[in-house]
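All of the numbers you see were taken from the coordinates with simple rules; none came from a lab. Just so it is clear, the structure is predicted and the values come from calculations on it, not from any experiment. Don't worry about glycine lacking a Cβ; one is built from the backbone with ideal geometry, like all the others, and counts go over all protein chains shown.
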Amino acid sequence: MKPIRLYIFDMGGVVSINGRFVQSIASHLGMSVAQFFTVAGKDPHRLMTGDLSPDQFWQKISQKTGIQIQQDLFRIYFHPVLDEKVVHLAGSLKTTSRVVAGTNTMSSHYEMHRKLGDYAVFDKVYASHLMGCAKPDPQFYMRITDAETCSPSETVFIDDLEENVAAARMLGIHSILFSGPEALEESLRALKNS
């Protein structure tokens, strides 16, 4: 096996615990989470690919529901907390490899993480809304490996969503489904020893 030169970490659900901000937004609007996603349609994906700004998103929700939304609820209800064990683990990998974030995000959340210094552990952040594509689109992974001049076989990808892990694995990237810091450490150790 080639030595690992690049680790790509997902942000939300892996490095940071984002809580239940969608549930808080839905409650604010007097809806269930399912109703909120029905009203939102495909627009959350458009937020993540940068095709739609948060302001445009909330204008559309206001038009569809008749509820006047004057603030960016994605910013108001987003209170990420770093998983310090994962941050430490990511930092320890930097002695031999590049460690980057590969995150499906929107401008509201990206700016919040930047303001809080949550990306400090990473050598670089690849944010979907700035890249114009989002996981599990194969282009998302290939743009990162190309920018980092690493082959898929020299890359490890860590994410908490099976569809994102499966898409990376199809490209030949070593992929780990995140279930907690201890399991991740064990998976990384097994990969190193394989």
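For region 75-92, indicate whether the set of residues that are without any contact (Cβ under 8 Å) to a residue 40 or more places away in the chain, surrounded by 13 or more Cβ atoms within 10 Å (Cβ to Cβ) and assigned to a loop (DSSP other than H, G, I, E, B) is non-empty.
no
Of the residues F122, F140, which single one is in a loop (DSSP other than H, G, I, E, B), closer than 16 Å to V14 by Cβ and touching a residue at least 12 places away in the same chain (Cβ under 8 Å)?
The unique qualifying residue is F122.
Only one of K2, K64, K42 is exposed (fewer than 14 other Cβ atoms within 10 Å of the Cβ), free of Cβ contacts under 8 Å to residues at least 60 places away in the same chain and either more than 19 Å from the chain's Cα centre (by Cα) or farther than 23 Å from M131 by Cα (or both); which? It would help to see each step written out before you state the result.
Details: K2 fails: free of Cβ contacts under 8 Å to residues at least 60 places away in the same chain; K42 fails: either more than 19 Å from the chain's Cα centre (by Cα) or farther than 23 Å from M131 by Cα (or both).
Of K2, K64, K42, the one residue that is exposed (fewer than 14 other Cβ atoms within 10 Å of the Cβ), free of Cβ contacts under 8 Å to residues at least 60 places away in the same chain and either more than 19 Å from the chain's Cα centre (by Cα) or farther than 23 Å from M131 by Cα (or both) is K64.
For region 132-181, enumerate the residues that are over 20 Å from D51 (Cβ atoms), touching a His at 6+ places or on another chain (Cβ under 9 Å) and hydrophobic (A, V, I, L, M, F, W, C).
Selection gives V156, F157, A168.
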